[in-house]
Amino acid sequence: MSFRSDQARVVVPFACRRLAAVTPPDPALLRPVLVVLHRETSTPGRIGNALRALGYSLDIRRPRFGDALPESLDEHAGAVIFGGPMSANDPDDYVRREIDWIEIPLREQRPFLGICLGAQMLARQLGAEVASHAEGRVEVGYYPIRPTAAGRALCPDWPARVYHWHGEGFELPDGAELLAAGDDFPVQAFQLGNAFGIQFHPDVTYAMMHRWTTRGCVRMDQPGAQPRHQHFAERAVYDVAERAWLKHFVDGWIARPPRPVVLQAAE
C-alpha cells in the first residue's frame, strides 16, 4: 500500500483543538521514539531533549550508513525524520527507502514528524512535488512564518520568525492541512492525520548553529541567505518563543492517539 496521491490517499480531517501539555506515564512503560538522522555527527537536538524530558528514550538510526528501519512501529511511540544536506529528489537508495518507509507510520497512524528534509520526504510520499525556488533563493537564517487558523487552533503561540536551513520546498500534499505559511517557500508546516511536516528547524541548539554556520558557510553566499552574524543576533530575539513553541508542540504531538483513516481510490 502506498499513501502517494497517485495511488491511494489518506483523508483525515484536521483536529481543531489545542495541543495540551501532558503528564507522561512511568518512563519505564514508554516505548522509544524512532529517530532517523542523515550524518554521522547529526544529533536530534532540542527535539531529542524535549522527548527525553517527557521520559522517552530515543532509538537512533542512520539508514544512510546501513541501519535498517523497522517493518512496523508497534515497538515505538512515534518516529521523527530529521534534516540533512541531501535532497528528497536524490536517486540514492537510502533516500528512496526512507520515503517509501513513511508509508508505515501513515498506515499505522503513529505519530510522525518530518523536519526539513524529513518534511520533504513526507511530502514526496504523499505525492507532492519537492523543488528549488524558481529564482534560486534559499532560506538560511531566521524568516517570518504566518500560522493559519488551523495552525493557531493546534498550537496558539507561534514564534514570529523561525530558523531555516534549506534551498528546496514542497507543495501542500492533497488532503493535508496547511498550518503555517511563508514568503519564498509558501508551505512551512502541514498536518495529515498524525503526520506533521515542518520546513523550519526548531531542533537547532546554539552549538548546532555554530557548527552549521561554520561548516556550511558557503550556504550564506546564496540568494536570500542571511550573513552569519545575523543568525546569532536574531536567535537572541526569537529563540525563546521558538523554544517554547517546540515544547508545546512536542508535548501534544507524541501524545496524540491513533486516528481513523479513510482511504479513497485514485481518481
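The values are calculated or read from the model by the stated rules, or taken from the named source; none is laboratory data. None of these values were measured; they are calculated from a predicted model. Quick reminder, even Gly has a Cβ in these numbers, built from the backbone with ideal geometry, and neighbours come from all protein chains shown. Heavy atoms of the whole protein, side chains included, go into the accessibility calculation; ligands, DNA and RNA do not. Shrake-Rupley method; radii C 1.70, N 1.55, O 1.52, S 1.80 Å.
Stretching the chain fully between D90 and R52 yields a gain of 10.5 nm (0.36 nm per residue, less the alpha carbon separation).
For the stretch 87-217, the share of DSSP beta bridges that are antiparallel, to the nearest 5, is 85%. Rounded to the nearest whole angstrom, the semi-axes of the ellipsoid equivalent to the stretch 123-267, taken from the Cα gyration tensor as √(5λ), stand at 28, 19, 12, largest first. Basic side chains Lys and Arg get +1 at the Cβ, acidic Asp and Glu get -1 at the Cβ, and with that the dipole of the stretch 66-135 about its Cα centre reaches some 180 debye. Per residue, the stretch 106-225 exposes an accessible area of 33 Å² to a 1.4 Å probe, with every protein chain left in place. Given the whole protein assembly as supplied and a 1.4 Å probe, what does the accessible area of T148 come to in Å², nearest 10? T148 exposes around 30 Å² with every protein chain in place. Take the convex hull of the alpha carbons in the stretch 66-137; its mean projected area over all directions comes to 5.3 nm². Counting only Cα atoms, the stretch 96-160 measures 34, 33, 18 Å along its principal axes, largest extent leading. Here the Karplus curve 6.51 cos²θ - 1.76 cosθ + 1.60, taken at θ = phi - 60°, turns the phi angles of the stretch 166-179 into couplings of 7, x, 10, x, 8, 6, 6, x, 4, x, 8, 9, 6, 9 Hz, with x standing for Gly and Pro. Provide the net charge surrounding L37, with neighbours chosen by a C-beta distance below 13 Å and charges set as Lys +1, Arg +1, Asp -1, Glu -1. Net charge around L37: -1.
Please compute the net charge surrounding D184, taking Lys and Arg as +1 and Asp and Glu as -1 over other residues with Cβ under 10 Å from its Cβ. Charge balance in the 10 Å sphere: -2. Note on the stretch 38-177: percent of Cα-Cα distances in each 10 Å bin, starting at 0 and stopping at the bin with the largest distance, equals 10, 37, 40, 12, 0.
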